[in-house]
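Reading through the C-alpha cells given below for one structure.
Just so it is clear, none of the values below were taken in a lab; they were calculated from the coordinates. Because the structure is a prediction, the values reported are computed rather than measured. Cβ sites come from the backbone with ideal geometry, for glycine too, and all protein chains shown count toward neighbours.
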Amino acid sequence: MGETYDTFQAASSCNNRVDLPPVLELTKFSFARCNEIEVMRKHLAASSSGAKVAFQKLPKHMRRRAMSHNAKRLPRRLREIHLSQMKKSGLPPKQKRPSRKYRRKPSNILKEYARRKLNINWLNTHIWHAKRFHMIEKWGFKLPLSPCDKSFTACYRATKNYCLLQDISYFKCIEVSGKKVLIVNGFKKISINNNGLSITSKAFINGYRQGETTLFQYGSNFEKPIGLVDFLWKSNIDVKAEVGALWLWIHAAFYEEALKTITECFSLDSDNEKFSNLDKSITLKELKTELNRFRLIGFQSNKIVHNSFDVCNFENNLIEDFKKSFGKAEEIRKNQNLYWDEIKSISSTNSLPPHIILPLIINDPRMKLRQKQDLSEFSDSNIILRSDIPILAASPLWDELFRKTVNCNKTSDNAIAKLRSTHLIPKSNFSMSADPVPIMLIQKPGGRNDTLGYSSGWDIILPSSWAKPIWISLIMSGARCGGLREFQHNAFELDKPNFLHPDTLAGEKEDQTTSEECTKTYFRKPPNKRTNFNKYKIVSPFKFNWKLLIENWQNCRVDNFYVIRDRKKLIDLQNCLNQKKSSCLLLTNSLIPVKLECKRGVPKKFAIICLPQEKDLKKNPSEGKHHDPNQKERKLLRDQHKTMLKKLRRKRKTGKKLNKHLESVDKEELSKYSARMKQLWIPETNNVKNSCLRDVFGFISEGGFSYTLGHAKGIGYISGAAFNTFLESNLGDKVLFRNTNSRYYYAAKLSVISDL
C-alpha cells in the first residue's frame, strides 16, 4: 500500500510490471471515489424517475388527462417542447371548426349567465370557482364544494401552516339603524348569548369588536332557536350618541326566518329592500347585494393580507368628501395605518385581541401586479402589542352613498388591461393614482385547548363589485382556496358541531335533505350490493331520530326538544363527567353536544353511541348475526314484480307487431311496489334505545380522522335524560360506538363540548 497513483502511472508509462497490493482498505478507496459515486448516483436517479415527456415535469395537481392530445392544457412554457415530442409519434387530426354562429361572444356569454342566474344566486367569484371547483346548489346559492384537484390534505396544511381562503358571501348582511335604546330593547326579546356577553355589552356596543348571538323566534319565550348570527355595531366618535346602526351577518339557510323574526319584533313594514316602522324610528336595510365576505385562516393569513393590500394615500376626491362628512377621519385614518403597520410582523393573528375590527381604505389591488409568493420567505417574529385597543372602527363602508359610489365608479378590467399594455416594462406597477376601496378586517380567533391557535385568521368585509379583484390579489399572494368541504372540516377539527343545530328549522331541513340523499344513493344500488341493516340491528341508518331517542329515554311523548347552548351548564356537565361535581340536574327534552375520541375504529356519520357495561372495558363486544324477518317477503315481491314486467314486455312486443295501442302501465302499482320494498329494507321503528345489544343514547353527526389529534374522533349529541344513567354506571368517560355497516363496538372517550 506504499505506492500511490502517481507511482503506478510512472511504472505503467515505462512498461514496467506493476504489482497490485494484496489488501484494499475500503474507507480510503471509497473516500477517493466519492465524487465518482455521487455522479453515478445522480445518473441512476435521473434515468429511473426523470421526466420522459414534457407534461411529466408538472406537479401532479397541474396534470390533465387531455394533455397528450391538446397542447393548450399545458402551461405556455411547455407547449413547444410537448408539440415537438408529439410529432415523433404523430399529431392527432385537427377537429372540424364549429360554426361561427354559436361562437362564445361576450354578449352571448353575458346573456347565458343572466339566464342561468334567474333561479339561483351566484357568488361574485362564481366564474372563478366554476372553472376549478365542484359546484353544488345549496341554500339558494350555487356554491363551491371542493377543488377539482386532490387537495384535501393540502387544504388542511394551509389552515395550519399557511393560509386557506374561502368566499363566505352566502352569509348575508342586514343593517338595523335607529335609536340605540329601541334596538337594544328589541333584540333582548329575540336574542340570547351563551357566553355571558349580550348584544349590549361594552365590548361590542362601541363598535370595536364583533360579537355573536343566538336568535330565537319572536314570542317563543326563547324555546324555538333560529341560529347563530354575527353582529357588529357602527363605531361613533360620540360615545353618548343616541342613534346607532347594527350589522347582522346571517347564514343563508335561515336568513328568511331571521329576517321575518326581526321585522315582527320591531313591527316593520316592507318597502322594496328597506323596512321601517310607523314613526320611522327603526329602519332595516338588506345589504346582501352590496357587501361580500371572505375568510382567511391559517398561520400565514396576516402575511398574505399585508402583501395583498396597499393602504390608500388619501389623494382622492372621494376620500376628501368622506373626510368632510366625518370630522376626525384624518386622526382615525392615521391610527388605523399605524396599527396596520404595527401588526405587520406578528407571527399569527391569534396574538391579536379577539374579534377586533380594523377598517382600512386600500388602493385598487389591480394596480400592483403581484407575483405568487413563496410562504417560506416570510419570517416568524414576535413583537409586543399595545394592551389597549385604539379607536379604529370608524369606516366609510357604513355610508350608503359611499358604498354605491365605490361600486359604481370602479375602473373596468378592460381599461386596466389597456393601461398595462402600454408599459414598456412588463409586470411593472402603475404610477397613476388608484381607486380607493374601503374594507373591514375582523380578527378570527383560533381554537382552544388541544387546538390552541389553530385556524386563526381574518374575515374581510368588502364592497361586492370589488370581490373578484381582491380575490385574485389574495390568491396571487399565496393563499389556497377551499369550499364547503373545507369549511365543514375546519369546524370538525375545532370540535364544533354543525352550524345548523338539530333543534332549528334550518337544521331539521338539512338533516332531512342529507337523509333523502343517502337513501336515494342506497336504493340506486342493486339488492346484492346493499348493506342489510336489519341483520346489523341498525334501525335508522340514514336518519337522526332525536325526538324518538328522547321519548325512549323519558318514557313519555315529547313535542319539542332543544340543544343545550349555555356554556355554564355545559361546563357543569363536564365537571360531573370528571367527578368534580357530585350532583347533576335532570335535563329533560334536551340534547347535549359531545365529542368522542377513539384509539381504535373511525366513527362515521349516523354511527350510534351506546352505554357500555363493566365487562366491555376489558373486551369490546360485537353484535351477533341476526335474521332478517323481511327477507322472504322481499324475495316474493321481487319475483312477482319480475313476472309482471315480463308480461308487460310480451304485450308490448305483440302490440308492436299487430300495430295495436296498449294501455299505459299502472304507475300507481309501480310506486306502491317501490314504497313497500323500501319499507321492507328499512322498516319504521318506535324503539331506538333497545334496538341492539347495548342501549343507544346518541348519534354521531360528524366523524372521521382528526389531523390535529392524530387519531379518529366524532362529534354528535346524546340524550340529556340518558346522561344521568351514564353517570350512575360509574364507568368514567368511556362509551361505545358502532358504525351502521359494522357489527363491532369500539371504545371511546366522551367529553362535553362547551364552546358551540
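Listed cross-link partners Lys537/Lys749; Lys509/Lys615; Lys142/Lys520; Lys525/Lys625; Lys60/Lys410 are compared with a 28 Å cut-off, the Cα-Cα value being larger for Lys509/Lys615; Lys60/Lys410. With a ≥ b ≥ c the root eigenvalues of the C-alpha gyration tensor of the range 166-207, is it rounded (a/c under 1.5), prolate (a/b larger than b/c) or oblate? Prolate is the answer for the range 166-207, as a/c is 1.5 or above and a/b outweighs b/c.
Using the Cβ of Phe606 as centre and a radius below 13 Å, the other residues enclosed give a net charge of +1, where K and R count +1 and D and E count -1. Couplings 3J(HN,Hα) for the range 285-295, derived from phi with the Karplus relation 6.51 cos²θ - 1.76 cosθ + 1.60 (θ = phi - 60°), are 10, 7, 10, 5, 9, 9, 10, 10, 9, 10, 10 Hz, where x marks Gly and Pro.
Taking each residue as 0.36 nm, the span from Glu342 to Arg97 lengthens on full extension beyond its C-alpha to C-alpha distance by 82.4 nm.
Mind running the shape call on the range 568-681? Use the C-alpha gyration tensor, a ≥ b ≥ c as the square roots of the eigenvalues: rounded below 1.5 for a/c, prolate if a/b tops b/c, oblate otherwise. Prolate, because a/c is 1.5 or more and a/b exceeds b/c.
The residues packed around Gly211, meaning those with a beta-carbon under 12 Å from its beta-carbon, carry a net charge of 0 if Lys and Arg are +1 and Asp and Glu are -1.
The local environment of Asn739, defined by Cβ-Cβ distances under 10 Å, has a net charge of +4 under the rule Lys, Arg +1 and Asp, Glu -1.
Taking other Cβ atoms within 10 Å as a rough exposure proxy, Thr153, Thr405 sort from fewest to most as Thr153, Thr405. Strictly over 26 Å apart at the Cα level, which of Lys535/Lys678; Lys189/Lys274; Lys160/Lys604; Lys260/Lys689; Lys288/Lys344 would you flag in this model? Result: Lys260/Lys689; Lys288/Lys344 exceed 26 Å.
Normalised by the number of residues in the chain, the mean separation of alpha-carbon contacts (under 8 Å, six or more apart) gives a relative contact order of 12 percent. For the pair Leu617 and Thr451, a Förster radius of 25 Å applied to the C-beta separation gives a FRET efficiency near 0.30, rounded to the nearest 0.05. Where in the chain are the DSSP H helices whose C-alpha atoms run 20 Å or more along the long axis and whose mean Kyte hydropathy is at least -0.5? Answer set is 34-49. Taking amide H atoms as placed 1.01 Å from N in the peptide plane, the amide H of Glu623 lies under 5 Å from those of Tyr744, Tyr745, each 5 or more residues away in sequence or on another chain. Amide hydrogen proximity for Ile753: with H placed 1.01 Å from N in the peptide plane, the residues at 5 or more positions away or on another chain lying under 5 Å are Val594, Lys595. Here is the tail figure for the chain: Cα pairs spaced more than 35 Å apart come to 60 percent of all pairs. Within the straight-line cut-off of under 20 Å between alpha carbons, the lysines reachable from Lys651 are Lys642, Lys660, Lys667, sequence neighbours fewer than 8 places apart in one chain being disregarded. At an R0 of 45 angstrom, the distance between the Cβ atoms of Glu223 and Asn277 translates into a FRET efficiency of 0.95.
For a paramagnetic label modelled on Lys647 (point 7 Å from Cα along Cα→Cβ), amide N atoms under 18 Å away belong, within the range 672-714, to 672-674. Karplus-based coupling profile of the range 704-711, in residue order and whole Hz: x, 7, 9, 6, 6, 8, x, 8, with θ = phi - 60° in 6.51 cos²θ - 1.76 cosθ + 1.60 and x standing for Gly or Pro. Going from the fewest other Cβ atoms within 10 Å to the most, the residues Ser84, Ser191 appear in the order Ser84, Ser191.
For Ile127 and Asn690, a Förster radius of 51 Å and the Cβ-Cβ distance give a FRET efficiency of 0.40, rounded to the nearest 0.05.
Stretching Leu78 away from Ala415 to a fully extended chain increases their span by 118.3 nm, per 0.36 nm per residue minus the current alpha-carbon distance. For the range 171-286, the Kirkwood hydrodynamic radius from C-alpha pairs, put into Stokes-Einstein at 4 °C and a viscosity of 1.567 mPa s, yields a diffusion coefficient of 91 µm² per second. I need the shape label for the range 526-607. Rule: rounded when a/c is under 1.5, else prolate if a/b > b/c, else oblate, with a, b, c from the alpha carbon gyration tensor. Oblate is the answer for the range 526-607, as a/c is 1.5 or above yet b/c matches or exceeds a/b.
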